[in-house]
Amino acid sequence: MKPKDRLIAALTLNQPEDIVPTFEFEFGLSKDLTGRDFRDPEQGSTGEREYAVRHNAELHLEIAEKLDWSAITEHHLEVIRELVKMGAGDQYMLCTKDGDATFRFYAETNTDELLSHLFDKPDEFKRKLEKDTEDVIEGAKKLIDAGVSCFVMGADYAGTRGPFLSPEMFAEFVVPFLHRTISAHQENGAFVIKHTDGNIMPIIEQILSCGPDALHSVDPTAGMDIAELKELYGDRVCLAGNVDCGALIRHDLNEIRRTALYCLQQAKPGGGYVYSSSNCINPPMKLGSYLYMLELRKKHGRYDE
């Protein structure tokens, strides 16, 4: 199968023909892997910016090929267009982390002001959310036209102890805007992977009612058990993640093996699973930890054996 086709199979709750798909929506070890870093396509002269666009597109392809990813995640419009010119969209699903304006408590710098608006001026607060939602949907159309076929919506709704908002407030201040955003992206031709860290069990039914194609990251540090979610919701949504980032940071190979095999054994059967970390791959993680995680996929992630 083409790498992209594996991911499409998983997102549509089907089983790939050969091996479980994998990718990371953020990868900060490019220099360790390839000897090269991404460049800023907004800095320098016109020629330097054009070079950065080509450089970044080529680097994305090199990383995806080396790691057998099914997707490439990029937010810069010109880099996306360059990837399309290079034919990357034929092999890999082009994703972006843009496309999510739903309420996220942690993103606010002035929590006193936020809480004042939330409780004292709820209608005004919701009008802002409505505007932000429509703005992000319009912006997403340009990315889809450029070649993006999947949005990793990245607003976090919970910490390790539970959601930032009560279920009642989540229903009022998040669900209508989340549903509107997901529906619009899908109607415009893209898949949606909803990312959120934390213990989301008190609000998971509300999230799933909004219709995402996949749920990431199934956070093990918050007690999220992928076996439980597979049993409860595996026929409704693709699951992505759950390989414990803590184990990857500690570079404990036994621990990495334990968490990786648990994910593969519990979530891989029948399809509808994307093998990935429980957040993203960035320092202080060591490249060797991540490569070992991928080695376990090669040995234990196949469907055709």
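Quick notes on this one:
- Scoring LEU143 on the criteria (1) buried (at least 22 other Cβ atoms within 10 Å of the Cβ); (2) among the aliphatic types (A, V, I, L, M); (3) more than 27 Å from ILE207 (Cα to Cα) leaves a single failure, condition (3).
- Any hit, the stretch 243-265, residues being of a type in the set (Gly, Ala, Ser) and within 16 Å of GLU228 (Cβ to Cβ): no
- Of the listed requirements (1) open to solvent by 50 Å² or more (accessible area, probe 1.4 Å); (2) not in a loop (DSSP other than H, G, I, E, B), PHE177 misses just one: (1).
- For the stretch 27-36, the set of residues classified as part of a loop (DSSP other than H, G, I, E, B) and surrounded by 12 or more Cβ atoms within 10 Å (Cβ to Cβ) consists of GLY28, LEU29, ARG36, listed by residue number.
- Looking only at the stretch 143-159, and only at residues there that are modelled with pLDDT of 95 or more and out of contact with any Phe, Trp or Tyr (no Cβ under 7 Å at 6 or more places or on another chain), the one that is nearest to PHE173 (Cα to Cα): MET153
- When residues of the stretch 100-118 are limited to those that are at pLDDT below 80 and part of a loop (DSSP other than H, G, I, E, B), the one least open to solvent (accessible area, probe 1.4 Å): ARG104
- Taken over the stretch 265-305, the criterion of being among the polar types (S, T, N, Q) and either surrounded by fewer than 21 Cβ atoms within 10 Å (Cβ to Cβ) or touching a strand residue (DSSP E or B) at 6+ places or on another chain (Cβ under 7 Å) (or both) is satisfied by GLN265, GLN266, SER276, SER277, SER278, ASN279, ASN282.
- Screening ARG49, ARG127 for residues that are at pLDDT below 95, basic (Lys, Arg) and assigned to a helix (DSSP H, G or I) leaves exactly one candidate, ARG127.
- Helices (runs of 4 or more DSSP H) within the stretch 188-264 that include 1 or more residues polar (S, T, N, Q) and open to solvent by 20 Å² or more (accessible area, probe 1.4 Å): 204-209
- Taking the stretch 64-94 as the range and being of a type in the set (Gly, Ala, Ser), in contact with a strand residue (DSSP E or B) (Cβ under 8 Å, 6 or more places away or on another chain) and under 11 Å from SER149 (Cβ atoms) as the test, only ALA71 passes.
The values are calculated or read from the model by the stated rules, or taken from the named source; none is laboratory data. These numbers were taken from a predicted model, which means no experiment stands behind them. Every residue, glycine as well, gets a Cβ built from its backbone with ideal geometry; the counts of neighbours run over all protein chains shown. Remember, those area values only see protein heavy atoms, side chains included, never the ligands or the DNA or RNA. Shrake-Rupley method; radii C 1.70, N 1.55, O 1.52, S 1.80 Å.
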